[in-house]
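J.: The structure's right below; bear with me while I get my questions together.
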Amino acid sequence: MLKGKTAIITGGSRGIGAAVTYKLASLGANVAVIYAGNNVAAENVCNQCKDDFGVEARAYVCNVSDFDAVKKTVSEIKKDFGSAQILINNAGITKDGLVVMMKEDDFDKVIDTNLKGSFNMIRHCIPLFLRSSEGCIVNISSVSGLMGNVGQSNYSASKAGLIGLTKSVAKEYASKGIRCNAVAPGFIKSDMTESHAENPLLSMIPLGKMGEVQDVAEAVAYLVGAKYVTGEVLRVDGGIAM
């Protein structure tokens, strides 16, 4: 399905990002895994993709909130892979707290990584997509960006902003054959959600359980292959944001 194509996945060394990387590699895509700090985890993901699926896989350390660092990293990926046709913006952090208690730095860091980081990646990948005359962007948002969440004003704002970014990019580049969609996960079992294991919102999930990272990966794979879908937000949330 994706043989001969290259996918760039931010935050691809663990959790949802790793699951998405494995899924796209299983469909034949070469993968460029961008990570923030855990080189061992990133290399393990790459090695497994190469061993299991026979694709090319490389890891790149990059702070996605740094505009110039992203430009350099995308340039390195272009040099190594020749081009890229798929971008998955998954890198994200949380620094939770009630608004009245939240430090300015905690708000800024979440916005810078989750929202500006996605902008930086899109900004520098668009030229690659234009040269390839095709491109697919999938932004990992959140149901928190659709409905808000107590103690997550910064995270919810970043994920809501990501939805607006998704729709704007979709409109700007549809005529160029570039699609941009978003996936909005709900409560997914991962390192990031361990602290929410007893969250009362879990009882509000109609399907009665947390999702798996593979559920999100399947949704991403669908959007990557859905040639007539753009500007869409696909919830993977067990129905909590209905």
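The values are calculated or read from the model by the stated rules, or taken from the named source; none is laboratory data. The model shown is predicted, which means the values in this text are computed figures rather than measured ones. When we count neighbours, we look across all protein chains shown, and the Cβ atoms used for this are built from the backbone with ideal geometry, even at glycine.
J.: Which of the residues spanning the stretch 105-129 are in contact (Cβ under 8 Å) with a residue 60 or more places away in the chain and farther than 13 Å from V169 by Cα?
T.: G117
J.: May I ask you to list the residues in the stretch 106-118 that are surrounded by fewer than 16 Cβ atoms within 10 Å (Cβ to Cβ) and either touching a Phe, Trp or Tyr at 6+ places or on another chain (Cβ under 6 Å) or within 15 Å of G11 (Cα to Cα) (or both)?
T.: Scanning the stretch 106-118 gives no hits.
J.: For the stretch 54-105, name all the residues that are surrounded by 18 or more Cβ atoms within 10 Å (Cβ to Cβ) and part of a helix (DSSP H, G or I).
T.: V70, T73, V74, I77, K78, F81, listed by residue number.
J.: Condition test on S142, is it surrounded by 18 or more Cβ atoms within 10 Å (Cβ to Cβ) and over 17 Å from the mean Cα position of the chain (by Cα)?
T.: So S142 fails the test.
J.: Which count do you get for residues in the stretch 114-137 that are touching a helix residue (DSSP H, G or I) at 6+ places or on another chain (Cβ under 8 Å), at negative phi and among the polar types (S, T, N, Q)?
T.: Selection size over the stretch 114-137: 3.
J.: Looking at (1) hydrophobic (A, V, I, L, M, F, W, C); (2) over 17 Å from the mean Cα position of the chain (by Cα); (3) closer than 25 Å to A184 by Cβ, which one does V55 not meet, given that it meets all the others?
T.: Going through the list (1) hydrophobic (A, V, I, L, M, F, W, C); (2) over 17 Å from the mean Cα position of the chain (by Cα); (3) closer than 25 Å to A184 by Cβ, V55 breaks only (3).
J.: Just one of E194, E232, E212 is under 19 Å from K23 (Cα atoms) and either of a type in the set (D, E, K, R) or modelled with pLDDT under 95 (or both); which is it?
T.: Of E194, E232, E212, the one residue that is under 19 Å from K23 (Cα atoms) and either of a type in the set (D, E, K, R) or modelled with pLDDT under 95 (or both) is E212.
J.: Of the residues N47, N38, N63, only one is at pLDDT below 95 and farther than 16 Å from V20 by Cβ; which?
T.: Criteria check complete, one pass: N38.
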